[in-house]
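Have a look at the structure below before the remarks.
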Amino acid sequence: MLVFDLSHDRMAAVPFQAVADVQAALIFDEDRYRDAGHQIGLNDAEFNEFEGRVFDGKVTRTHLPLALDAMAGQHRGRVYAIKSVQVRPGEWSYLIALSDGKRVYVPVKCGNLSLVRRPAPAVVAHVPAHHRTPQFHPRVAAAHVVAPPAPKPPQAAPPAASAPVAFLPPVETAVAAPVAPVAAAAGHHSLFVPFFAWLAGSIGHTVGNNSQPPASCSTSDHLLEIC
């Protein structure tokens, strides 16, 4: 399989930017494009259908398939075709689908006519198992379906009971009362009374032992003395 470079041997001088460019090419270069269609395997009826669909706007922009059954090119003003062509991935192209299943591609970069004879693969939709329609069954059809009870509306939660507050009795601080001055004085006197009694007894004893009998006092000699 030949790898075809779309940058060389192009049928279009400039890339096709829109479907209108393809339509203009079929108008001004119809003979050249009809010759290219014949060389890639299209008969007159198929080429006329291809041309009519282009002018009707029945064109799809898509990627060019990697493997093509045939592609036409132009070298030094002469149109030629190559069988079993491979192209690089990612090339954009205009697709025109014919009624017999053939697909004609016009690459954006070069404008060469390309052909794929086999029809496009059908897209089969795979339905997941849980989306399939249940089969009819007489027992299921005759069954009485009971609707589930409606859910009860949510009720507001009752307010939480507050814990009882314990009131403690007031604490009385014992304050020592000041000692009365009278009591303090009485305490001091209670300490000095025995001391003075002992002191008086000691003095009396000492005086009694050392004293002499007093001499008789005369009034004339000792007028000022106290006996």
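Net charge dipole, the stretch 68-123: roughly 180 debye, given to the nearest 20, about the Cα centre with Cβ charges of +1 for Lys and Arg and -1 for Asp and Glu. Other residues lying with their Cβ under 15 Å from the Cβ of residue 13 contribute a combined charge of +1, Lys and Arg counting +1, Asp and Glu -1.
From least to most packed, judged by other beta carbons within 10 angstrom and beginning with the fewest, 87, 14, 59 follow the order 14, 59, 87.
At full extension, residue 48 and residue 84 could sit 10.6 nm farther apart than now, given 0.36 nm per residue minus the alpha carbon distance.
Each residue in 71, 11 was given a count of other beta-carbon atoms within 10 angstrom of its own, and listing them fewest first yields 11, 71. Cβ crowding within 10 Å ranks 51, 30, 91 as 30, 91, 51, fewest other Cβ atoms first.
Per residue, the average separation of C-alpha pairs within less than 8 Å and at least 6 apart gives the stretch 2-116 a relative contact order of 36 percent. With a Förster radius of 25 Å applied to the C-beta separation of residue 29 and residue 8, the computed FRET efficiency comes to 0.85.
We did not get these values from a lab; they are worked out from the coordinates using the rules stated. Just so we're clear, the structure is a prediction, and the values are computed from it rather than from any experiment. Here Cβ is always computed from backbone atoms with ideal geometry, including for glycine, and neighbour counts include all displayed protein chains.
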